[in-house]
Amino acid sequence: MIKLNPDPTFECLVRLTDTSNQMVVDVQMTLRHKTAEQITEWFSDCKDKPTADGLDLLIQDWSGVMDDAGQYVPYSKAALASLLGNYKPATNEIVRAYMQALNESKVKN
């Protein structure tokens, strides 16, 4: 069975590049579902916004992000801005994971 209207959020594993250690780190994110039309609007609306403001419209929560003391950091727009400022590839990696989750089939051939 498939619902005509999907759940408003979904879980997505986002693989972020830790450039300081040259490794990939998996961060679980809760993302907001958008229709194809809403995604087009989102891309258009985000052109003139700071990156963290635009991505905050997609991200509801995360787990697996820590501060310097090793304490888990709850999701917030400020924490996201810090992550994006410190890890340049993160923006594209988050958007890529979001688009893949919405657009790629999970059905195996």
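A short reminder: the numbers here are calculations on the coordinates, not readings from a lab. No experiment lies behind these values; they were computed from the predicted model shown. Every residue, glycine among them, receives a Cβ derived from its backbone with ideal geometry; neighbour counts consider all protein chains shown.
Odds and ends about this structure:
- Pairs where the first residue, in the stretch 68-80, is within 18 Å of Thr30 (Cβ to Cβ) and the second is of a type in the set (S, T, N, Q) and not in a loop (DSSP other than H, G, I, E, B), C-beta under 8 Å, 6+ apart: Tyr72/Ser63; Tyr75/Gln60
- On the stretch given as the stretch 70-89, residues that are farther than 24 Å from Gln22 by Cβ and of a type in the set (D, E, K, R) total 1.
- None of Ala90, Ala52 is farther than 30 Å from Leu4 by Cβ, in contact (Cβ under 8 Å) with a residue 60 or more places away in the chain and not polar (S, T, N, Q) except Ala90.
- Residue within the stretch 31-45 that is hydrophobic (A, V, I, L, M, F, W, C) and in contact with a strand residue (DSSP E or B) (Cβ under 9 Å, 6 or more places away or on another chain) present: yes
- Helices (runs of 4 or more DSSP H) contained in the chain and holding at least 1 residues loosely packed, with under 11 Cβ neighbours inside 10 Å, more than 16 Å from the chain's Cα centre (by Cα) and of a type outside the set (Lys, Arg): 36-45
- Among the residues making up the stretch 39-69, a single one is among the aromatic types (Phe, Trp, Tyr) and under 17 Å from Leu16 (Cα atoms): Trp62.
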